[in-house]
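Asker: Mind looking over this structure? Questions follow.
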Amino acid sequence: MNRSSTSRRDMLRTTACGFGSLALAGLCRDSVAAPSMVAKDPHLPPKAKRVIFLFMQGGPSQIDTYDPKPRLDRDDGKQVEFHVARTRKITPERVFKSPWRFRQYGECGQPVSELFPHMAEHVDDYCVIRSMHTEGVAHGPATLFLHTGATNLVRPSMGAWVSYGLGTENQSLPGFVTISPPSTQGGPRLYSNAFLPTLYQGTAIGRAGTGISDGSIANLRNQRWQDDQQRKQLAFLNSLNRQQMLEPDDELEATISSFELAYRMQSEAPAVLDLSSESAATMAQYGIGEQETDEFGRQCLLARRMAESGVRYIQVNYADNTNNPRWDQHSRIKEHEKHARAIDQPVAGLLKDLKQRGLLEDTLVWWGGEFGRTPFAQGRDGRDHNPRGFTVWLAGGGVKPGMAYGQTDEFGYEAVENKVHMHDLHATLLHLMGLNHKQLTYRYDGRDFRLTDVAGRVVTDIIA
Amino acid sequence: MADRRILFVAIGFAAAAASGLVRADEAADIEFFERKIRPVLVEHCYECHAESSEELQGDLRLDTREAIRAGGPSGAAVTPGEPSESLLLDAMRYESFEMPPQGKLPDNVIRDFERWIANGAVDPREGSALEKQGVDLEQGRKFWAFQLLDATVPQGAELDRSGTTIDRFIRARQREQDLNSNPPASPEILVRRLFFDLVGIPPTPAQIRDFLADESPDAYSRLVERLLASSEFGQHWGRHWLDVVRYSDSSGGARTRIFQHAWRYRDYVIQAFNEDRPYDRFVAEQLAGDLMPYQSEELRRQQLTATGFLALGPTNYELQDKELLRMEVVDEQLDTLGRAMLGMTIGCARCHDHKFDPIGIADYYAMAGIFRSTKTLNHANVSNPIMRDLPVAPEHQQRLDTHTKQVKALKTVIADLEAKLKGIDSQSSPAVAADSLPGIVVDNTAAEMMGSWTPSSHTPRYVGAGYLHDQNQQKGDLQATFVAQIPVAGNYEIRVAYSAGTNRAPRVPVVIQLSGQQETVFVDQTVAPPIDGLFHSLGQYQLQQGETVKVVVQNRGTQGHVIVDAVQWLNLAANENDDDGNVDQSASEVALQTQALEKQLEEHRSELKRLESAAPKPPDLVMSVQEEEDPKDAFICIRGNVHNRGDDVGRGFLRVVSPDGDWEIEESESGRRELAEWICSDENPLASRVLANRVWHHLFGDGLVRTPDNFGYTGERPTHPFLLDYLAVRLIDSGWSVKALVREVVHSETYRLSSERHVRAAEIDPDNRLLFRQNRRRLAAEQIRDAILVSSGRLDRQIGGPSIAAGTKTEFGYAFAGYRRGVYVPVFRSTFSDLFEVFDVADPNIVVGKRNVTTRASQALFMMNSPFIVEHASHLAEEALRTVSSDQERMKWLYRRVLGREATENELVETWRFFGELQESGASSSDSWTLVSQALFACLDFRYIH
């Protein structure tokens, strides 16, 4: 089979519109009819052009990573009363100190635990938010809330809102992709457009649990025809469609050009998805080739390639399909080490790479999970879910670097100072992308909906 | 802001001074307010809680005296003189609410507020409290959707052509524009349109030929009748309803679960449309089928199945706050019912009065009370939907009852036996001490072991600490040798002990070695040892004093576990034991008794097994609801928060369309029956209008109201209000017959117009609201799929029955296979088939009266690359090669088959050229025709109804 992608790209470049020698009216238009993916003007001057969201499924522990609490060492093993989120009762719980040591890093001197030796090197780029709080105590509701701003109702995902608000920069690629998304804990609802036009839904590349090397976009490759045959077929189809379109019509025009778009995507997306053109040094920087880091390294590298190619919202999922996902250490908190090793070098590699390429300035990187974990023990050596206080960090794209914002109480349990609700984080991220969260609305069944519902506050203190 | 405040202060003082009514201490209080209180309120509260707030939060204003004292939905913010009853203070202390949200104010500020309130909360700020808006029902009723039906036929509409009443309404509006509508569509186009609209699949070339050849004047009417009567009508129109009631085969959400029995509701809907069940009855069955009387099992089945409507929602069963979950389910039911049957966004009134429509929060909780009195879930950590048995024929029910009785009786007997055995077990130790036994007893612990035996004490009874077994392995390698030296000469019985069981070896070789003599006895260890349930006799032997006797238990040649426990040598002459050589009497009796009980138990158990395997078919299950034990009114949840309890509201319906308000809800019932009755009652014009509009929508691609699920203020207004009312009246007059309405609409000339662009109308009416032409419409996802299957000859026309592949545990990764019609493809909430997803299938999480129509690259990728398309293109090509004799004819045949029409001259030229190119490049005929067929599936005329 003659299926060299290079020759296809050449063909696209040398012929005006893709389908061989046929010059086709209207075929070179950038977009299909409204609703449209054409890049749109933002509400405000944007600080970031794109988002890379590194989703840490299951809820990494804040007090074992970025929010050290000496009180935990002092009171380790003691019974202290906490307002437990799950039971909604105040009960005595056993304080459980972090098994990991913290050290200060960088010029800013932010503490990072020994779980993340590589990520710690980039601490001067982080804006660490230690006062996050959110809705939902179970994974399902909290994960939906993280992605859609609602624990239960069917709402568009943040990436869909961003695509809707800003369109895409590359007509050959989707505006919103999610790499290796999980099929549980919300599944496709995590990248769904809900009531927004379908155009804005996220495109899944691969899925959690199967290696990203096998990941692709649905129906991107033809299993049956040679490229030459398919090109002839599309030219034929185009001639039929031109004849069948008896009168000018936007929708029919859009249908005709959708084939051209599809062919461009089929021609270009595989090259973006193909990591083999990356240098050995880059691969090593992401930890690709090392058993523990290979998978997430590939996902992160793919994210950079997507960012470079103009994808607006890229989510990278450190996730699986179980009911106790990834960072969900109800017992054996030491398992955090396994997960930390899997992501530490890849994330550090991504940040370094973005910086080297000058992409970090206008790329907003967001690291975090759906909630944090309790500073008190669950069972012998685990930690339970904690939506009342946890940590995320942002880097690049207009956030103040090298700062920590907000605080939890002295146990690291509950956000107490400069609290940032998940709605607030959403509002802030949209703001950085140049979107006013109160203006980014969509009228559905008689009501204007927004990502932040009736809440949300832009955290101006962290904006550079 | 600062200036205004100063001015306000000045006026405040001046007014006070001028009136002379202010006492000195009050003046001091005012000054305290102005210095300590007002600035804090202005700085920290007014952003969200004042008239000037961009967006008022929590329905609470703090910028006037009256407002701060009236407070919000939770109560008074300030109660003069009562700091403990002032929520403002609570909130500032971060005790109830946490205000201001940016951070707690300093303690001294909070103390100031405490002092201010304690001293009477003197507050000079004038102005009224937040207006309690309430809902103005009288005003609300003036809105078109709430007015009673008025089907005045426009006067003076001269019928220039033979038109139906519907056409008169349409032409009356067109005449305002002084334009005539398009000519009728060609019969070729009309037949395809009618097939897709009525039965969802295209006509075959033969059906088209027959219709075109039929020149009788009623040819069209007869075709309409045939399609209305076909079982495919319900498959197509049922699907429209399933969109509206967010039908799904799974729950969606985080741990989406499969609804194994949901298909019965789907089949119910299809059947209802096929039987043209009166819509008022259809509504009643779905809302209250479980409460309706029935004369036959069949009717009961139907009515129970219908209530799946209430149970099939996207429920998050794992939500831990069960009170919230209960309310979420009620909300989802109300919202679905509201949009589907009333075109009202009732859900908007969950937290506050509807912002646009005359639906108060009290209306919401009046209806919520009905569904709170209805049980939809059984709560557990992960809650469960209510599953109910469908009734069966009386004879079958009798068989089921008898069977249940038999099983129950048998189980009682078995339980008794088990209890008895357990009693015995607990009385008698499983172990028999070796020294309690007469004669010479050698336990396995004293035996000489060869090979690795496994110790156990699992199965009683045994001698000593336990016994050994060979794990049913290493056959031939293991043996155990028991040695005894005979103290006194005499006649001895030699016995071997083992614990019996069904997994034991039936032929265990035991070798007895005397001086110069050797004998092998085979022991069946599957049978309980006859002596005391402990020993099996190996025979009697004349033994000499001092003689060494060995007993060797081997596992060679055995099948099953070989047990080694103990060996006993008993001198019979010495009468060593008082009890006939046995262990003590009670133990022996116990053993016998145990054995007998075990035997009985075994028999009863196998009887139970037999009975259960011969059980009559269990009743079918449906997802349904039931009445709560104690139906009662609901309370308002303030701001929608289930833990924030407001006043109770009597159960009822939307007051704006039940002016008489004399609906009585049966005390002991939820009120669902009355609700259904009210929905289709004369005083509610919404149900008939909404349904008539849906029918119109499906036959024109757009409704007369273009927001079919929203007839409220934020929805669109009808383009032809009188026509809509006419259709609604016709619907009611026909006894709520959907088929009659469909029949009437498709007989109109307007329906039959050509969809070609109307050049002049396009300028003044680009959206074709006045219907100068029929709309060109893209096929729905199911229609695309079914049309491909009809074209490839692979459509499986099986009617009804389960769809999900047997053994499916989760929707994730589900392999959509098979060729049944689209309506029978499982609809999961998180996993869609490729084709359905890209072609905008209805999202089963929400009410969809009008599907999206998007145009996307992923649709093109599907048409270009999906194995499904290539497969069916290839089936089609094979049939063309098999049944048509020449390539020229094949070409024409394919157009007729796929597009239902003759190919145009140009199309033939292009096709021939493409085919030629492929042949030249060496493609096989089969591949070439497959490529052509695939392109036909992908072309515009396949995808659009003209």
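Asker: Touching a helix residue (DSSP H, G or I) at 6+ places or on another chain (Cβ under 8 Å), buried (at least 23 other Cβ atoms within 10 Å of the Cβ), touching a residue at least 40 places away in the same chain (Cβ under 8 Å) and under 19 Å from residue A:254 (Cβ atoms) - does that describe any residue in segment B:864-883?
Answerer: yes
Asker: Given segment B:194-257, what helices (runs of 4 or more DSSP H) lie entirely inside it while holding 1 or more residues that are surrounded by fewer than 18 Cβ atoms within 10 Å (Cβ to Cβ) and more than 28 Å from the chain's Cα centre (by Cα)?
Answerer: Output list reads B:205-213, B:219-229.
Asker: Could you check, for segment B:822-842, whether at least one of its residues is surrounded by fewer than 16 Cβ atoms within 10 Å (Cβ to Cβ) and of a type in the set (A, V, I, L, M)?
Answerer: Looking for residues that are surrounded by fewer than 16 Cβ atoms within 10 Å (Cβ to Cβ) and of a type in the set (A, V, I, L, M), one finds none in segment B:822-842, hence no.
Asker: Quick one: in segment B:846-863, of everything that is in contact (Cβ under 8 Å) with a residue 60 or more places away in the chain and under 30 Å from residue B:341 (Cα atoms), which residue is nearest to the other protein chains (Cβ to nearest Cβ)?
Answerer: Here the answer is B:846.
Asker: A further question on this structure: Please determine whether any residue of segment A:224-235 is at the interface with chain B (Cβ under 7 Å from one of its Cβ atoms), charged (D, E, K, R), touching a residue at least 60 places away in the same chain (Cβ under 8 Å) and surrounded by 18 or more Cβ atoms within 10 Å (Cβ to Cβ).
Answerer: yes
Asker: Return yes or no: is residue B:283 among the aliphatic types (A, V, I, L, M), closer than 19 Å to residue B:830 by Cβ and modelled with pLDDT of 95 or more?
Answerer: In short, no.
Asker: (1) closer than 18 Å to residue B:938 by Cα; (2) hydrophobic (A, V, I, L, M, F, W, C); (3) at pLDDT below 90; (4) in contact with a Gly (Cβ under 8 Å, 6 or more places away or on another chain): which one isn't true of residue A:265, the others all being true?
Answerer: (4)
Asker: Only one of these is modelled with pLDDT of 85 or more and under 27 Å from residue B:773 (Cβ atoms): B:168, B:141, B:161. Name it.
Answerer: Residue meeting the stated conditions: B:168.
Asker: When you look at residue B:900, is it surrounded by 18 or more Cβ atoms within 10 Å (Cβ to Cβ), small (Gly, Ala, Ser) and either closer than 20 Å to residue B:241 by Cβ or facing chain A (nearest Cβ under 10 Å) (or both), yes or no?
Answerer: no
Asker: Filter segment B:699-710 down to residues that are more than 27 Å from the chain's Cα centre (by Cα) and not small (Gly, Ala, Ser) and give me whichever is farthest from the other protein chains (Cβ to nearest Cβ).
Answerer: B:699
Asker: Now for a different question. Could you check how many residues of segment A:280-334 are more than 26 Å from residue A:172 (Cα to Cα), part of a strand (DSSP E or B) and of a type in the set (A, V, I, L, M)?
Answerer: Matching residues across segment A:280-334 total 0.
Asker: Inside segment A:247-264, can you point out the residues that are facing chain B (nearest Cβ under 7 Å) and either in contact with a Pro (Cβ under 7 Å, 6 or more places away or on another chain) or over 18 Å from residue B:866 (Cβ atoms) (or both)?
Answerer: Result: A:247, A:251, A:252, A:254.
Asker: Any chance segment A:150-167 includes a residue that's facing chain B (nearest Cβ under 7 Å), more than 29 Å from residue B:911 (Cα to Cα) and polar (S, T, N, Q)?
Answerer: yes
Asker: Tell me yes or no: at least one residue of segment B:877-890 is of a type outside the set (D, E, K, R) and facing chain A (nearest Cβ under 10 Å).
Answerer: No.
Asker: For segment B:825-851, which positions are under 16 Å from the mean Cα position of the chain (by Cα), of a type outside the set (A, V, I, L, M, F, W, C) and closer than 16 Å to residue B:786 by Cβ?
Answerer: Passing the criteria: only B:826.
Asker: Which numbered condition in (1) closer than 22 Å to residue A:315 by Cα; (2) more than 7 Å from chain B (Cβ to nearest Cβ); (3) in contact with a helix residue (DSSP H, G or I) (Cβ under 6 Å, 6 or more places away or on another chain); (4) surrounded by 23 or more Cβ atoms within 10 Å (Cβ to Cβ) is the only one that residue A:269 fails?
Answerer: (3)
Asker: Could you figure out which of (1) more than 14 Å from every other protein chain (Cβ to nearest Cβ); (2) within 15 Å of the chain's Cα centre (by Cα) isn't true of residue B:314?
Answerer: Only one criterion in (1) more than 14 Å from every other protein chain (Cβ to nearest Cβ); (2) within 15 Å of the chain's Cα centre (by Cα) is unmet by residue B:314, namely (1).
Asker: Here's something else I'd like to know. Does residue B:266 satisfy the condition of being of a type in the set (Lys, Arg), on the phi < 0 side of the Ramachandran plot and surrounded by 24 or more Cβ atoms within 10 Å (Cβ to Cβ)?
Answerer: Yes.
Asker: Being more than 14 Å from every other protein chain (Cβ to nearest Cβ) and within 18 Å of residue B:701 (Cα to Cα), is that true of even one residue in segment B:802-824?
Answerer: No, every residue in segment B:802-824 fails to be more than 14 Å from every other protein chain (Cβ to nearest Cβ) and within 18 Å of residue B:701 (Cα to Cα).
Asker: Another question, if that's okay. Can you go through A:247, A:260 and tell me which one is acidic (Asp, Glu) and assigned to a helix (DSSP H, G or I)?
Answerer: After ruling out the rest, the residue left standing is A:260.
Asker: List pairs: first residue in segment B:514-525 and of a type in the set (Ser, Thr, Tyr), second residue crowded, with 16+ Cβ neighbours inside 10 Å and assigned to a strand (DSSP E or B) anywhere in the structure, Cβ distance under 6 angstrom, at least six positions apart or on different chains.
Answerer: Note: pairs meeting the criteria are B:520/B:509; B:520/B:511.
The values are calculated or read from the model by the stated rules, or taken from the named source; none is laboratory data. None of these values were measured; they are calculated from a predicted model. Because the Cβ atoms are built from the backbone with ideal geometry, glycine has one as well, and the counts that use them run over all protein chains shown.
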